[in-house]
Amino acid sequence: MTERVRRLRERSLEATPTLSAERALIVTEFYKENLGKYPPPIMRALAFKELCERKAIYIGEDELIVGERGPGPKQVPTYPELCCHSLEDLEILDSREKTAYRVPEEVYEAYRREIIPFWRGRSLRDKIFDALPPKWHDCYEAGIFTEFMEQRAPGHTAGDGKLFHMGLLDFKEKIAASLARLDYERDPDAPRKRAELIAMDIAADALITYARRHAALARSLAERTPDPRRKRELLRIAEVCEWVPAHAPRDFWEALQAYWFYHLGVIMELNGWDAFNPGHLDQHLFPFYERDIREGRLTREGAKELLSCFWIKFNNQPAPPKVGVTAAESATYNDFVNINLGGLTPDGRDGSNEVSYLILEVADELHLLQPQLNVQVSRVTPDELLLAAARLIRKGYGYPSMFNADCVAEELLRQGKSIEDAREGGTSGCVETGAFGKEAYILSGYLNLPKILEITLNNGHDPRTGKIIGLETGDPRDFEGFEELFSAWERQLEHFVGIKIQGNAIVQGFYAEEMPAPFLSILIDDCIEKGKDYNAGGARYNTTYIQGVGIGTLTDSLSALKHHVFEWGTIPMGELLEALRADFRGREALRQVLLNRTPRYGNDDDRADELMQRAFVAFFRAVEGRPAPRGGTYHIDLLPTTVHIYFGQVTGATPDGRRAGTPLSEGISPVQGADRNGPTAVIRSAAKMDHAKTGGTLLNMKFSPMALEGEEGLRKFVALIRTYFRLGGHHVQFNVVSAEVLREAQERPEEHRGLLVRVAGYTDYFCDLSRELQEEIISRTEHELL
Amino acid sequence: MERGIVFAIKRGAIHDGSGIRTTVFLKGCPLNCLWCHNPEGKDPNPVLSTVRQRCIGCGACVAACLNGAVSMRDGYPETDRSRCTACGTCVAVCPTGARAILGKEYGVNELLFHIERDRVFFETSEGGVTFSGGEPLYQPDFLLSCLRACKAAGLHTALDTAGYAPKETVLQVAQYTDLFLFDLKDMDPERHRENCGVPLEPILENLRALDEAEAEVWIRIPLIPGVNCDEATIDAYIRFLSGLKRRHPVFLLPYHPVGEEKYRRLDLPYPLQGLEPPSGERVEEIRAAFSAAGFRVRVGG
């Protein structure tokens, strides 16, 4: 790491996430003056232009890549047109223990005087909540599902290669051509398209202006700096910002800066989920890198320094502030930029190259929260790349996560993408599959699968809110067999999916009509060709996902019911229901039987895994293929971010022995502590799911650092990943078990029953060891983790 | 078909030979090493194990025991081992899995079914199956049938053995074994007999025979302070191993008192109470000595 990078990194780490009212004030002022004057796309484009022309320009000391979303690093704007925070919201943001945002007095003041008075009742969030029907609200409050777009815009997409070989002036030409093609006599939508295309054109100019303001500032700083070296750098920055993003980048530096301006454009325009994403960054950068090196303009170290400066820029942008359920479902500063390495080229060859390794080195040295990093592993990906990634994983950073590029392509093909679009696709956010640069793949909300079982066991009634929100599928004590129970759960599932889908149509309708994103629309094919906004179905492919959560908890609960109640007859239904109602108080032995003597998912035990498969198929059938807003289609995902904690809080005790209020299983991982046959059994169980029918699944595995010792350990680890992917798994990520995790296991052994540790000569369950031995292992782990 | 007694099948093993493996632990061992870390493998018959940390003191086992062997003492069910027949009645009623019978009879095909579940991992990692124990050669007929079946199924086979068995048995088994993890506990014949309960010479003889037969062998040496870590013993190891036709790789396994926990689960006294692991420096010196003598040597399994 160079000194410059060290300083930039320090500054990024030290900066406190702080709310800025800059954007909110500019947008509010603009809306006050112009409300009702223009159709929505033009209104949005002009507001964006206003921002690009008026917001403060920041060029920090030492920086080579420039531009900030707010007035400075980690100064986070708000988006009152979507979600107008109340003063209480601001206080919560300011004071909460986790993911707090400092709120300076002038922000409170701006909200009190300008922002709240204007946006209350006008912000999209207020309108959405007003428009959603009471049954939707009942389910939302019960914790059956969440709603992604109540505070944040759709987003959820990534860029493709065109961002690196086109400039905004080229995009403007395409816009002009599309405008010229409009047929006002035969196409009744032509006026709408015209407004949208003009909006895109305004937005393109706006970002060019924004970049040139950076060039101007760099020049004036250059004039004032006494340091000749910095002067040269600033002049170079000026030159770069004058050229990109107006024109296609000509070298490595310009390529990075061009992308960064696009990124800023997208995240200044709206607060879309998962920010934006450069997609296959290594593939996009490699031609620039190779040419610059060949022509002597760049060294490997120089490229690394530029990449590091670029990396730090992502870390300077904490997620936009979230409140309420949305804060609970995504409790992190991480804004989910997830850079793809390796994978396939559009013509099906290995996509990895020297830049892939450079990026791994940068991620290793910087060790930042953002951006996230993943490796797309195809059958053609060399082991060398996996080994390099595994060396990072071994350090316990939690990244890179590993994806099965062949499975991702299969998923996209199944959804109807062309093979080239599928290969240029990848995964963004957490694990979501998309055709980069060509698809709006919107996550609409999490669905609490175990909660639906709770409602089923209560004949449609939610014990927590006291409301009847489900169907009356009968008193479970009258069920004659497991099939009756399962089909009752299936009917409830369809019922709740139906309510969610009704809500989605309303929410996405608002975005399509009132909150277009003309800047983002420039970047995603075929919005320009269609003259249609990203939020209205302009993308080539349109998907809405519903994300299932808690399939581990659900499976084990179904297994407990099937085996103990119906097949073995060892626990009467009435007794089980009473125990659940009492949250197992006074019923510890029964709870232990459920925990320890039930066939459970994650052990390669077909008795449990077949129930997982049945539940998966039911969820798939309830959602898959239904027509979605924007002319798109519904598909499923299985990932949780942090919602398994929130969903756990609103879900009572479950038949798998889980206590009320405790977390649900996470992603498609087994219930915490349920897997007792080691990692190969977990992988075999998880691979029994038909991953290719999803748009992403998330498997989290824990590893003791001792298991990854030496080059030999690393190779076995790589083989484990390869095997999961051979079996058709979509994604796996690894948490190397830290001393902290071991301490947690001491406190809550039941959630960590499957945690294996190796000391000398044999492996054992950590929780089964004596306290002294546990202490010994903790101290060794502290020592061994880097 | 032969049947044998197995006390554990461990999947995803990464320290028992090449690649990712499934390790099958066969019960019974002719040796009686002081430092044994698998004491549940010594007895050829099934044995009851109790994990104190899991027990919730519900007393179901006390009520269930047919022999009156279990009684509550200070909220924990103590088992009178002299009356326990390892019948498993208490295990069936234990809600937490704190009680378990270690040792279950398997037929060869049944065992193969379990092993084959991880075949795809073996194929990807160049792994396979490892038979360990106890001492797997203690059930020679069953072991041989298992190895034959595994080879017929195209699996890579490894044997984790202390090498104490008739030479014919060892050579016969070698025909179906791709890799021997050969434990060499000590080089001093008297001390070996004293600490391990059997003579050393047949073990060395078997190792020579395997070497002659060009078997793939990894030597595993437990480093027990006060027993075999002194310079003279290490020299003896190096001299003996250097005298073989091939330089087999050496794995040093420093003693660790982790086994103590397992003795507690069987209500057995721990024979090495208070013994400290060898110092890191001493382990490194030993490693260096082997390395200097031209051995590929690694610390750890």
Once the dipole of the protein assembly as shown is set up from charges on Cβ (+1 Lys and Arg, -1 Asp and Glu), the residue from the list B:44, B:150, A:265 lying farthest towards its positive end is A:265
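Counting helices only, and only those DSSP H runs with n ≥ 4, report the 222 nm mean residue ellipticity of chain A as the sum of -39,500 (n - 2.57) divided by its residues, in deg cm²/dmol to the nearest 500.
-15500 deg cm²/dmol
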Quickly work out the residue A:225-to-residue A:606 label distance, labels modelled 7 Å from Cα along the C-beta direction, and quote it in nm with one decimal. 6.8
Rg and Dmax [Cα atoms of chain A; Å; Rg one decimal, Dmax integer]: 26.4, 86
Just to confirm the number: angle between the C-alpha axis of helix A:252-269 and the first principal axis of chain A, 0 to 90 degrees, nearest 10? 70
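Hey, got a sec? Which GluC sites (Glu not before Pro) in the stretch A:211-303 land in a DSSP loop and have at most 16 other Cβ atoms within 10 Å?
Numbers: sites: A:223, A:233, A:239, A:242, A:254, A:269, A:290, A:295, A:301; in loops: A:295.
Qualifying residues, ordered by number: A:295.
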Looking at this model, which pairs from A:162/A:313; B:27/B:151; B:27/B:245; A:98/A:716; A:55/A:500; A:322/A:530 are more than 28 angstrom apart at the alpha-carbon? B:27/B:245; A:98/A:716; A:55/A:500; A:322/A:530
Kindly tabulate the residues in the stretch A:689-733 with an accessible-area decrease of at least 30 Å² between the chain alone and the assembly of all protein chains, using a probe of 1.4 Å. A:707, A:712, A:716, A:719, A:723, A:726
Quick one: compute a quarter of the convex hull surface over the Cα atoms of the stretch B:47-101 and quote it in nm². 3.1
With angles folded into 0 to 90 degrees, how steeply does helix A:551-560 sit against the dominant principal axis of chain A? Use alpha carbons for both and round to 10. 10
Please identify every one of the chymotrypsin sites (Phe, Trp or Tyr not before Pro) in the stretch A:492-573 that sits in a loop by DSSP and has no more than 11 other beta carbons within 10 Å of its own beta carbon. A:568
What FRET efficiency comes out for the pair residue B:194/residue A:649, r = Cβ-Cβ distance, R0 = 51 Å, nearest 0.05? 0.25
Expected output is a single nm value to one decimal: the length gained when fully extending between residue A:173 and residue A:505, i.e. 0.36 nm times separation in residues minus the C-alpha distance. What is it? 116.1 nm
Take the alpha-carbon centre of the stretch A:348-373, take the same for the stretch B:63-95, and report the distance between them in whole Å. 57
Losing no less than 50 Å² of accessible area (probe 1.4 Å) relative to the isolated chain, the residues of the stretch A:585-610 are A:597
Antiparallel %, DSSP beta bridges [both residues in chain B], to 5: 40
When only alpha-carbon atoms count, how far does the stretch A:585-648 stretch along each of its three principal axes, as whole angstroms with the largest first? 53, 29, 18
About the Cα centre of chain B, what is the dipole size in debye to 20, counting +1 per Lys and Arg Cβ and -1 per Asp and Glu Cβ, all else neutral? 760
Compute the semi-axes of the equivalent ellipsoid of the stretch A:549-682, taking the square root of 5 times each eigenvalue of the Cα gyration tensor, and list them largest first in whole Å. 27, 17, 15
Roughly speaking, what is the centre-to-centre gap between the stretch A:498-523 and the stretch A:275-309 when only Cα atoms are used, to the nearest Å? 36
Cα→Cβ-extended label distance, 7 Å offset, between residue A:471 and residue A:567, nm: 2.6
Roughly how many percent of the accessible protein surface of the protein assembly as shown is carbon and sulfur, given a 1.4 Å probe and a whole-percent answer? 50
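If you take the accessible area of A alone plus B alone and subtract the pair, what total do you get in square angstrom, rounded to 100, with a 1.4 Å probe?
3300
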Report the antiparallel proportion of the DSSP beta bridges in the protein assembly as shown as a percent, rounded to a multiple of 5. 35
Residues losing 10 Å² or more accessible surface upon assembly, the stretch B:120-143, compared with the chain by itself, 1.4 Å: B:120, B:121, B:123, B:124, B:125
Cβ-Cβ FRET estimate between residue B:2 and residue B:175, R0 fixed at 22 Å, reported to 0.05: 0.85
Beyond 25 Å, the calculated P(r) of chain B holds a percent of Cα-Cα pairs equal to 52
Find the eigenvalues of the gyration tensor of the Cα atoms of the stretch A:447-601, then list the square roots of 5 times those eigenvalues as equivalent ellipsoid semi-axes, largest first, in whole angstrom. 43, 16, 13
Could you tell me which GluC sites (Glu not before Pro) in the stretch A:423-472 are loop residues by DSSP with no more than 12 other beta carbons within 10 angstrom of their beta carbon? A:472
At what distance in nm do the modelled label points of residue A:746 and residue A:250 sit from each other, each positioned 7 Å from its Cα along Cα→Cβ? 6.2
With Rg from the Cα atoms and Rh as the Kirkwood inverse mean 1/r over Cα pairs, the stretch A:167-259 has an Rg/Rh of 1.20
Just to confirm my numbers, what's the Cα centroid distance between the stretch A:1-46 and the stretch A:642-709 in Å? 38
Quick one: if the Förster radius is 41 Å, what FRET efficiency do residue A:100 and residue A:526 give, using the C-beta to C-beta distance and rounding to 0.05? 0.50
Using alpha carbons only, how many degrees (0 to 90, rounded to 10) separate the axis of helix B:140-152 from the longest principal axis of chain B? 70
Positive-end extreme of charge dipole, the protein assembly as shown - chosen from A:602, A:311, A:238 (charges on Cβ): A:238
What does the convex hull of the Cα atoms of the stretch A:95-165 come to per residue, in Å³, rounded to a whole number? 217
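The values are calculated or read from the model by the stated rules, or taken from the named source; none is laboratory data. Everything numeric in this text was worked out from a predicted model, so none of it was measured. All Cβ positions, glycine included, derive from the backbone under ideal geometry; neighbour counts span all protein chains shown. Note: areas computed on protein heavy atoms with side chains; ligands, DNA, RNA excluded. Shrake-Rupley method; radii C 1.70, N 1.55, O 1.52, S 1.80 Å.
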